[in-house]
Amino acid sequence: MKVVVGLGNPGQTYAKSRHNIGFMVIDQILKTYVASPHASKKLQAIIYFLDKNRLLVKPQTFMNASGKAVNRVVNFYKVKPAGLLVVHDDVDLEFGEIKHQFGRGSAGHKGVESVIESLGSDQFNRVRIGIGRPPAGVEVEDFVLQNFSENPQEVQNLVDRASEVAVNWLKE
């Protein structure tokens, strides 16, 4: 079983924010695969079944409580740590940079911190998507909740590239 979880905040208010790039990647993958959404109150997530062994997930908790939904999905579907890929924004990477890693700490990302706490482990795959640092005088918490200021095509290119990483991982 392989599960790709895109981290983000539910609702239209945050749909185009930097913090929602994980959701944007899930939406991009869904342009390639045919999968209907299944909203699960029990799992606190929207789940897309690509086939019986591959799922896409958008937690419906807010970012800082993402671990609740991820833990429920992982336990319900009996996903092994190597079968989990969490896709999220990262202010420690320059805009446009993407890193696929396994078994790393949260580096202060509250959503990833929540996942690590809920799973009791950092032993899972991650795709870190660089959104850059906030400008002087802007707090990180405010910056990540703002919409991208970069050219929309540059943002789409970033989402496309991150989606390719996730799809390639799903195919491995």
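Each reported figure results from applying straightforward, stated rules to the coordinates on display, with no laboratory input. Keep in mind that what you see is a predicted model, and the values were worked out from it rather than measured. Cβ coordinates were reconstructed from backbone atoms using ideal geometry, including for glycine residues, and neighbour counts include every protein chain displayed.
Return, ordered by residue number, the residues of region 1-19 whose backbone nitrogen is under 17 Å from a label point located 7 Å along Cα→Cβ of L145.
Of the residues in region 1-19, 8-19 have backbone N under 17 Å from the label point off L145.
If we sort 4-16, 39-51 on the protection proxy, mean other Cβ atoms within 10 Å, highest first, what's the order?
With the highest mean Cβ count within 10 Å placed first, the list reads 4-16, 39-51.
Principal axes first, then extents: for the Cα atoms of region 29-129, list largest minus smallest coordinate on each axis, whole Å, largest first.
Largest first, region 29-129 extends 34, 30, 24 Å along its Cα principal axes.
Just to verify a number: FRET efficiency for N168 and E117, C-beta to C-beta distance, R0 = 35 Å, to 0.05?
0.75
Any chance you could list the semi-axes, whole Å, largest first, of the equivalent ellipsoid that the Cα gyration tensor gives for region 113-172, using √(5λ)?
25, 21, 7
Sorted by mean Cβ packing within 10 Å, highest first, what order do the peptides 87-93, 31-37 take?
Result, highest mean first: 87-93, 31-37.
Mind giving me the FRET efficiency for R133 and M1? R0 is 30 Å, r the Cβ-Cβ distance, nearest 0.05 is fine.
0.25
State the volume of the convex hull built on the alpha-carbon positions of the chain, expressed per residue in Å³ and rounded to an integer.
Each residue corresponds to 102 Å³ of Cα convex hull volume.
Would you check the chain for Lys pairs whose C-alpha atoms are within less than 18 Å, ignoring same-chain pairs closer than 8 in sequence, and give me the count?
25
Pulled fully out, how much extra length does the chain show between A15 and S36, if you take 0.36 nm times their separation in residues and subtract their Cα-Cα distance?
5.6 nm
Got the relative contact order for the chain handy, in percent, Cα pairs under 8 Å and 6 or more residues apart?
28 percent
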